[in-house]
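First up is the structure itself, then whatever we jot down about it.
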Amino acid sequence: MAVDTAFNMAPVATPFFFYMLSGIMLIGGILVITRKNPVHSALALITVLLAQAAIYLMLYAPFVAGVQIILYAGGIMVLFLFVIMLVNIDRAAKERTFNSQWLVGIVAATALGGLFVAVYTKGNNIFPEHALSVIENDNTQKVATMLYGQYMFAFEIASLLLLVAIIGAVVMAKKRI
Amino acid sequence: MGHDLMGQLVQYIQSYLSSDQTPGAAGNMFWVLVYILAVFVGLSIAVIAMNWLERKILAHMQVRLGPMRVGPHGLLQPIADAIKLLLKEDIIPAEADVAIFWVAPFMVVLAAFTVFIVVPFGPTHAVTDMNIGILFMLGVSSLSVLGIVMAGWASNSHYPLIGALRSSAQMVSYEVAMGLAVVSAIVMTSLNASGTGTLSMIGIVQAQQEQGVWFIFKFFPLGLIAFFIFAVAMVAETNRAPFDLAEAESELTAGFHTEYSGFRWSLFFLAEYSAMIAVSSIAVTLWLGGWLRPFPNLLSGSTWDLIFSLFPGVTFLFLAAMCFFNAVRMPKHPFFRIQTIGLAGFGVVLGLIGLVMLVPAVRIRVQDIFWFAAKVATFMYLYIWYRGTFPRYRFDQLMQMGWKVLLPMGLGVLILTATAGLWPSIQHSIWHP
Amino acid sequence: MEAMLHITTLHYLVLGAALFLLGVIGVLTRRNVVIVLMSIELILNAVNLNLVAFSRLWGGVHGQIFAIFVITDAAAEAAVGLGILIAFFRNKETVNIDEVHLLKW
């Protein structure tokens, strides 16, 4: 392997970063579902979300990565942490972590996993390999053109949905309506 | 084979010097690491200088002298503070959540330092130029809210919890106003010849260069109002006076970092000043023209270019002259001999840096960085000025101002800016339906 | 080994499937409502990963726009879900999901 290909342009050490990030995501995911303290789970989920944003950057989707960091890690997780602080009581710490049907749950998840494995091994040749070599510098502009052009209706519906969610959350968390 | 490797390494290092991109865009890992190291070192020096400047300037505004004993005119005070903090006992409160207690300061420091990879000190002087530069900066600086909430929760005590909740509520509220002001500046970038705007930080400054006007003066007074909204929101975002109810000493006994001592507290302190420099960099890039020198179009021509390029060297020589002046005015007592020599030596170092910056080869390379740093330094001085001047806002007044004053103002400025930008084509379609 | 070194779309899909499975296990086996909601966020993230991976494969940005909408809807759903949780907690003083059984036969 010549030295200059190691110093070559564009994606640097893609397999290393992919395996490192996917390792972080999987370990974080396992920590989310197994920790007793919900604040630890929230911290692990923040790690998963940030690693996910890095994987979006690897997939050449910088705008989605930015939205993920701002909305998910910087917005939704703050909401989760606030609510955890409000409902965290000592009695919860003494209860069992997993419920009584945990074995059935594991069996169902294993069945689902088997289904995934079957789909991905049998249907492997329906994913053709175009190696896209263009590094998009105008990803944001393309997303904006599509979002305000072809998907304008969905955009307006999403804003209406957010309005409904705001009103719903405020009404449900109020003490006296 | 060994020579071949060295030769290729040297060629790899030198191949970047002739390109006109940032090292991240050019894919050159060595220079990326050099730039990251330079940003890290520069930021540390800036935080240390900010510590000294804050105490001295605040003291002079309050008609007193500030630290004068530790070094000549207190110049070694930040170093003494750092040594004291490193040597302090590391206390963890009983029944505190140890994992979260450890992670919280690192989260805040991570958020404060990661934003600096897209801050543009010059057209090629950034670590990288992301397509989503400003979005990345706003997003990563909102991660510090998580660190503050975790710090308050993990301390297992009343004052930090209330302080953390208030702090994070304030930061989240003013992020909305900041975002709207930023969007109205981004709208202005799309009014150049090619018709598409950009979110990349270097692209925003280049749009100001193309349109020939700093965005603070564009569509007067809309750019000014947007800048004002951002300037107020950024002070509230970094929990500084007059919005520092959550961490002021007289209110909540230092808020969310009450239970942190020693090195962990210094991490919060470092992160606070780095966040101040980061949001000032956003304000400078978006509205004040980034690395562009003042009056690029009005006072153009090679003589004015020459005069403006002398500013860095002259500034350092002026600082050196002030050092010598104060060294002469030191008391003529044997106890002060070392301090006088130290101050004179510091003046000599500054003078040498100034002379190096007058050399033409260095002059043309360093003036972008100098103008950017000078503008950010103006913002730092404004931060200290606000702290010495304004009384503190009460928390409900603070939240009311964020949601009921700045948010409608931001929306109004955004709509008016977009209308003003599209006014030619609106006019055209009115008269030629 | 060489097949593992070249990262194809299938790698991202398998990662998404693994995250999805972890989320499903979390939803099915945990008792704390907040953890269940966080596992739902894991599931939504896995779906987003699939969408963006396919958007990269086929070259347009449609998958990324769908992913942005999914993130927006996840925010709305988390807000409403946590509102319901707070209202429920105010009544029953517990966050155990097994206690939500008033309508059981």
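Throughout, read-outs are computed from the coordinates displayed, never taken from laboratory work. It should be emphasised that the depicted structure is a prediction, and the values quoted were computed from it without experimental measurement. Cβ: placed from backbone, ideal geometry, glycine included. Neighbour counts: every protein chain shown.
Each of C:A78, C:A67, C:N32 was scored by the projection of its Cα onto the charge dipole of the stretch C:31-96, and the greatest displacement toward the positive side belongs to C:N32; charges sit on the C-beta of Lys, Arg, Asp and Glu.
In the protein assembly as shown, taking the dipole from charged Cβ atoms about the Cα centre, the farthest positive-side position among B:I79, B:Q14, B:V328 is held by B:V328. Net length available on complete extension from B:T196 to B:M29 is 57.1 nm, with 0.36 nm assigned per residue and the Cα-Cα distance removed.
What the Cβ-Cβ distance of C:N91 and A:T145 gives, at R0 = 60 Å and to the nearest 0.05, is a FRET efficiency of 0.80.
Mean-square fluctuations from a GNM of chain B, with a 10 angstrom spring cutoff on Cα atoms, peak among B:Q14, B:Q400, B:Q367 at B:Q14. Placing unit charges on the Cβ atoms of the charged side chains and taking the dipole of the protein assembly as shown about its Cα centre, the candidate lying farthest along the positive direction among B:M50, A:L26, B:A99 is B:M50. Straight-line reach from A:K36: which lysines have a Cα under 26 Å away, not including same-chain ones fewer than 8 places off? Of all the lysines, those that pass the test against A:K36 - Cα under 26 Å, at least 8 places apart if same chain - are A:K94, C:K92.
Under a Gaussian network description of chain B, with springs only between Cα atoms under 10 Å, the residue in B:T238, B:T124, B:T315 that fluctuates furthest is B:T315. The distance between label points at A:I157 and B:M322 comes to 6.2 nm (points 7 Å beyond Cα on the Cα→Cβ vector).
Can you give the charge dipole size of chain B about its Cα centre, rounded to the nearest 20 debye, using +1 on the beta carbon of Lys and Arg and -1 on the beta carbon of Asp and Glu?
On the way: 21 positive and 21 negative charges, 277 e Å.
Around 1320 debye, computed over chain B.
In a reduced charge model with +1 at each Lys and Arg Cβ and -1 at each Asp and Glu Cβ, the protein assembly as shown shows a dipole moment near 1560 debye about its Cα centre. Taking a straight Cα-Cα cut-off under 28 Å and skipping sequence neighbours fewer than 8 places away in the same chain, the lysines within cross-link reach of B:K404 are A:K174, A:K175, B:K218. Taken along the Cα-to-beta-carbon direction at a fixed 7 Å, the label points for B:H333 and A:Q101 span 8.3 nm.
With the simple spin-label model, which puts each label point 7 Å out from Cα in the Cβ direction, the A:Y19 to A:I166 separation comes to 4.7 nm. Remark: mean inter-chain Cβ contacts per residue of C:38-48 equal 5, using a 10 Å Cβ-Cβ cutoff to other protein chain atoms. Each Cα pair under 8 Å and six or more residues apart adds its separation to the average, and for chain B the resulting relative contact order is 20 percent. Amide H contacts under 5 Å for C:N96: none, restricted to partners 5 or more places along the chain or on a different chain, H placed in the peptide plane at 1.01 Å from N.
For chain C, a crude dipole built from +1 on the beta carbon of Lys and Arg and -1 on the beta carbon of Asp and Glu, taken about the Cα centre, is about 160 debye to the nearest 20. The helix-only estimate of mean residue ellipticity at 222 nm for chain C, built from DSSP H runs of length n ≥ 4 each weighted as -39500 (n - 2.57), is -27000 deg cm²/dmol after division by the residue total.
Within chain B, the longest run free of exposed loop sites, counting trypsin sites (Lys or Arg not before Pro) that sit outside DSSP helix and strand states (H, G, I, E, B) and have at most 16 other Cβ atoms within 10 Å, spans B:89-328. Largest GNM mean-square fluctuation among B:S142, B:S300, B:S167, using chain B with Cα springs under 10 Å: B:S300. Less than 18 Å from a label point 7 Å out along the Cα-to-Cβ axis of C:T8: which backbone N atoms in the stretch C:54-83 qualify, by residue? Residues C:54-59 qualify, since their backbone N sits under 18 Å from the label point. Within a straight-line Cα-Cα reach of under 30 Å, B:K88 can be paired with the following lysines, leaving aside sequence neighbours fewer than 8 residues apart in one chain: B:K56.
Treating r as the C-beta distance of A:Y120 and B:D396 and R0 as 60 Å, the FRET efficiency rounds to 0.60. If R0 is taken as 35 Å, the Cβ-Cβ distance between B:L58 and B:T303 corresponds to a FRET efficiency of 0.30. Taking GluC sites (Glu not before Pro) in DSSP loop conformation with at most 16 other Cβ atoms inside 10 Å as exposed sites, chain B has its longest uninterrupted site-free stretch at B:96-433.
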